[in-house]
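Following: one structure in structure tokens, then a few remarks.
The values are calculated or read from the model by the stated rules, or taken from the named source; none is laboratory data. Note that this is a predicted model, so its numbers are computed, not measured. All Cβ positions, even for glycine, are placed from backbone atoms using ideal geometry, and neighbour counts span all protein chains on display. These accessible areas exclude ligands, DNA and RNA; they are computed on the full protein's heavy atoms, side chains included. Shrake-Rupley method; radii C 1.70, N 1.55, O 1.52, S 1.80 Å.
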Amino acid sequence: MTADLATTRDTTDGPSYPARFRAAEARGRRLGRPLQLFARVRQVDEALMDRIGRAMTERDELGARLADAIRLRAGATGKVEMAQFRQALTHGVEAVADAPPALAAFFAEVQAEPAWLDRDLVEEGARVFRRLGQNAQDVLLQLSLVGGYRFGGPTDLLVATGGLTGGQTLRRLGETQKWGSSLTDPGALLPVTGEGWRLTVHVRLMHALVNHAFEGRWDTDAWGLPINQADQASTLGLFDGVLLIGARALGVPFSRRESRALMHLWKYVGWLMGVDEDFLVDDEWERHRIDYHVLLAQGPITDAGPQLAQAVVAAQTERHYPGWPAALQGVRARYERERLLSMLTVFLGPESMRELGLPMRPPWAHGYIVALNTLRYRVLRHLPGGEERLWRWGGRRAQWLLDSYFQGDREEVGALQA
């Protein structure tokens, strides 16, 4: 960790925050100016800033209690075995004989439904997400993932855990792709039976275990907790609000109903992930307002950001591209790398590209993507059967991308579901 964050920010009579809180606010205002204008944020909400600052030292307590129980020594009272967790995940906690209290409490919550949940709207949001096809993956990879590398804290944790660096980059990108695509099938988020539900709950536990492993040796005065509520809120915003903004920039239109359906889908996913209710919204404009304040709360970029961003770009040459002969794999790999850099240049801008150590490219990729999306979503979609064809195209494209990350290895893809 290279950011100069030595002490906890303190106020005389108010709460203490991690040192990274608002440590690069001027930079955040500059980078967030387009979002501020788009979301029509006229002034900073100091109460919201305080909530974000305090959330940097808050965790998913339900997940934390389960992680504590899993890490107990063998034979200890309340010990949870991973086999018990997997059984509850695939068959429901009712299938676990004498379920330990932490396991029973965890699954009692995630198998229940929050009072605000609209299952029909979740299913509609899943269809909207699937119709986006590669547009969703482009935005989530470039604007959400690589864009998030411009700030210290979560990036340093990724490097510390070995996530998205070195030989793990391709696999971790594939796992994220698999999780995202799993949310789009009908019934994917039904408790126990839905693959998207199972993968989301599994990710929640993994986050809790990372917190358990790192809290004792993490610089919480500088960064807050390793995986904290503020960073979880930030990540959720990258998957819902930023996805909508980025897809619009690629020429994809959204009706108000489609926007709310997609937001509601991610609101439920965020709830399953243990994000605090304060940060769960299904109004797009409220999400943009929160996202702008989260941006102001961030610290400066650290060495982890360029390391992670460059690993993602390099990984494009390691993918296997289905349908392309061996002799042309290198050609397609170079094309994908250049396409990624072209889109990153537009999405992130020159300042961020320089900070991340990435070469800039002309915006040729956006030009052809916007043209294709105008044809797909504004013309062909409205022809007879167009909606269904677009939905099927989204599914096929997601599978092609998934195969490219896992070298077409169906056994490895299937292992992610276990």
The condition from (1) over 25 Å from residue 22 (Cα atoms); (2) surrounded by fewer than 18 Cβ atoms within 10 Å (Cβ to Cβ) that residue 175 misses is numbered (2)
Among the residues of the range 303-327, which ones are among the aliphatic types (A, V, I, L, M), closer than 20 Å to residue 406 by Cβ and surrounded by fewer than 18 Cβ atoms within 10 Å (Cβ to Cβ)?
314, 326
Give the residue, chosen from 144, 181, that is in a helix (DSSP H, G or I) and either under 24 Å from residue 214 (Cβ atoms) or over 16 Å from the mean Cα position of the chain (by Cα) (or both).
144
Give the range 80-114 a look and list any residue that's open to solvent by 30 Å² or more (accessible area, probe 1.4 Å) and either in contact with a Lys or Arg (Cβ under 9 Å, 6 or more places away or on another chain) or under 26 Å from residue 277 (Cα atoms) (or both), or say none.
90, 101, 104, 105, 108, 109, 111, 112, 113
Condition first: under 23 Å from residue 277 (Cβ atoms) and open to solvent by 40 Å² or more (accessible area, probe 1.4 Å). Can you find one or more residues in the range 134-150 that meet it?
no
Out of all the residues in the range 290-299, is one or more open to solvent by 10 Å² or more (accessible area, probe 1.4 Å), of a type in the set (A, V, I, L, M), under 23 Å from residue 177 (Cα atoms) and under 16 Å from the mean Cα position of the chain (by Cα)?
no
Residue pairs, Cβ under 8 Å, 6 or more apart or interchain, first in the range 281-292 and basic (Lys, Arg), second in a helix (DSSP H, G or I) and at pLDDT below 95. List them.
289/39
If I ask for residues that are open to solvent by 50 Å² or more (accessible area, probe 1.4 Å) and assigned to a loop (DSSP other than H, G, I, E, B), which ones from the range 115-125 would you list?
115, 116, 118
Criterion first (assigned to a helix (DSSP H, G or I) and either at pLDDT below 95 or among the polar types (S, T, N, Q) (or both)) does residue 106 satisfy it?
no
Matching residues in the range 383-392 - criterion: being part of a helix (DSSP H, G or I) and not aliphatic (A, V, I, L, M)
386, 387, 388, 389, 391, 392
For the range 66-79: of the residues being over 23 Å from the mean Cα position of the chain (by Cα) and either polar (S, T, N, Q) or assigned to a helix (DSSP H, G or I) (or both), which is farthest from residue 278 (Cα to Cα)?
77
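Considering every residue within the range 6-24, establish whether at least one is at pLDDT below 95, among the hydrophobic types (A, V, I, L, M, F, W, C) and closer than 24 Å to residue 303 by Cα.
Yes, that holds for at least one residue.
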Suppose we keep only residues that are in contact (Cβ under 8 Å) with a residue 24 or more places away in the chain and not in a helix (DSSP H, G or I) within the range 346-382. Which one would you say is least open to solvent (accessible area, probe 1.4 Å)?
356
Subset of the range 51-65 (residues that are surrounded by 16 or more Cβ atoms within 10 Å (Cβ to Cβ) and either on the phi > 0 side of the Ramachandran plot or not in a loop (DSSP other than H, G, I, E, B) (or both)):
51, 52, 53, 54, 55, 62, 63, 64, 65
Do any helices (runs of 4 or more DSSP H) lying entirely in the range 194-285 carry at least 3 residues that are at pLDDT 95 or above and open to solvent by less than 30 Å² (accessible area, probe 1.4 Å), and which ones are they?
195-214, 229-239, 241-249, 256-272
For the range 268-298, give me each residue that is more than 20 Å from residue 148 (Cβ to Cβ) and charged (D, E, K, R).
277, 278, 282, 283, 286
